[in-house]
Amino acid sequence: MSELKPQVYKDPRPAGYFTRFHERARTRPPDWVYEAVRVILTPPTLLFYRTAAIGVDNVPRSGPVILTPNHFSQMDHFFAAVYLRRKVRFMAKSQLFSNRLFNWVFFHGGVFPVRRGHADQEAFITAHTVLAKGGCVLMYAEGGRSRSRNLGEPKPGVGRLALESGVPVVPVAIHGSAGVRGWKRFRFPKVTVQFDEPMSFERVEHPTKEQSSEAAQEIFDRVRAMYVDLDENGRRDVLRRLREGLPATSPGPPHETGRA
């Protein structure tokens, strides 16, 4: 397995460094750069990783919505969005805003940062602003990438955003992306993205950490159920049961390795 770079858990850069990204995301939608990146990355996403989506119709075509995937790879942004017609606004860790090219793409593509290691209220203000304008915000339920190839635990932030906004939440399971780094050895895992039916939460203006954690756990339980079902039974079986109107299997604990 390739060496992973050490995690940086606290971004030392001042909050002002990221102000322009928040202001851009709050005031203007993604421009042509979003579509250009989609055009460039869609072929390898579909051809090499054989990415397929299940339940795309569960994502509302308009109006505010929060997508809450699990997270194994930097490619998860593209796996989650490639089959969606609407433009997704990604909340990304601040360390990704690391060079001029990335910053330019993020700025024009509507990506906004959450400042790692800080109580970053600006990220929530931006997310609420996007949702108030009827946008689609993607926020990883685990807060960051799981580096163990197993699902992590949900962070309260996603529950907080769900409760404060009161908008529909679509749990998303991304299966297979834990093996994306294998491309360096010409190994390309088959990736499946499953969108669950939207969840609704009663709006809470100032949720406690306990309330936020409970909501986050409820959301991630749905993510975990889909992921384990895909892991244990495979894409074909999940699709077959959905076509036949059969219920999902009762998932057990997730395994370290998945099947296609």
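The values are calculated or read from the model by the stated rules, or taken from the named source; none is laboratory data. Model, not experiment: these values are computed from the prediction. Glycine gets a Cβ as well: all are built from the backbone with ideal geometry, and neighbour counts include every protein chain shown. The accessibility values were calculated without ligands, DNA or RNA, using every heavy atom of the protein model including side chains. Shrake-Rupley method; radii C 1.70, N 1.55, O 1.52, S 1.80 Å.
Annotations
- Single residue of Arg181, Arg187 found to be at pLDDT below 95, in contact with a Ser or Thr (Cβ under 8 Å, 6 or more places away or on another chain) and open to solvent by 60 Å² or more (accessible area, probe 1.4 Å): Arg181
- Number of positions in segment 190-222 that are assigned to a helix (DSSP H, G or I), touching a strand residue (DSSP E or B) at 6+ places or on another chain (Cβ under 7 Å) and surrounded by fewer than 21 Cβ atoms within 10 Å (Cβ to Cβ): 1
- Restricting His71, His108 to residues that are open to solvent by less than 70 Å² (accessible area, probe 1.4 Å), touching an Asp or Glu at 6+ places or on another chain (Cβ under 7 Å) and farther than 27 Å from Asp237 by Cβ narrows the list to His108.
- The combined condition, being buried (at least 17 other Cβ atoms within 10 Å of the Cβ), touching a strand residue (DSSP E or B) at 6+ places or on another chain (Cβ under 7 Å) and either among the hydroxyl-bearing types (Ser, Thr, Tyr) or under 24 Å from Ala15 (Cβ atoms) (or both), is not fulfilled by Gly144.
- Residue in segment 225-245 that is β-branched (Val, Ile, Thr), in a helix (DSSP H, G or I), touching a residue at least 12 places away in the same chain (Cβ under 8 Å) and closer than 25 Å to Arg85 by Cα present: yes
- Breaking point among (1) open to solvent by 40 Å² or more (accessible area, probe 1.4 Å); (2) under 21 Å from the mean Cα position of the chain (by Cα); (3) modelled with pLDDT of 95 or more; (4) not polar (S, T, N, Q), for Glu23: (2)
- Tally of residues being open to solvent by less than 30 Å² (accessible area, probe 1.4 Å) and part of a helix (DSSP H, G or I) across segment 35-58: 1
- Whichever residue in segment 111-141 is open to solvent by 30 Å² or more (accessible area, probe 1.4 Å) and assigned to a helix (DSSP H, G or I) and, among such residues, is nearest to Ala173 (Cα to Cα): His128
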